[in-house]
Amino acid sequence: MGSLSIWHWLIVLLIVVMVFGTKKLKNMGSDLGGAVKGFKDGMKDGSAADAAVPPTPPSQVTNTSAAEDPSTIDVQAKQKS
């Protein structure tokens, strides 16, 4: 008694078609299919772009620019005792 038979599903389908109409149901189906296709293409493009770009190493700080710029003040941090 708790499970739904095929006749129950057919009646539910008939009521849904009567309420929404076949044209609106067809449009919803095609919109859903387009959204799924766009999602799959986006996932495929995202993984290809990530694999093509190698990770960049972190930049190292050099002291050569401080010596060239006279407005830069070079200080040495000392530990407080």
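For SER3 and ASN27, what does the FRET efficiency come to when R0 = 30 Å and r is the distance between their Cβ atoms, rounded to the nearest 0.05?
That pair, SER3 with ASN27, gives E of 0.40.
Within a straight-line Cα-Cα reach of under 18 Å, LYS26 can be paired with the following lysines, leaving aside sequence neighbours fewer than 8 residues apart in one chain: LYS37.
Values in this text are rule-based calculations from the coordinates and carry no lab data. Every value quoted in this text rests on a predicted model; they were computed, and no experiment measured them. All Cβ positions, glycine included, derive from the backbone under ideal geometry; neighbour counts span all protein chains shown.
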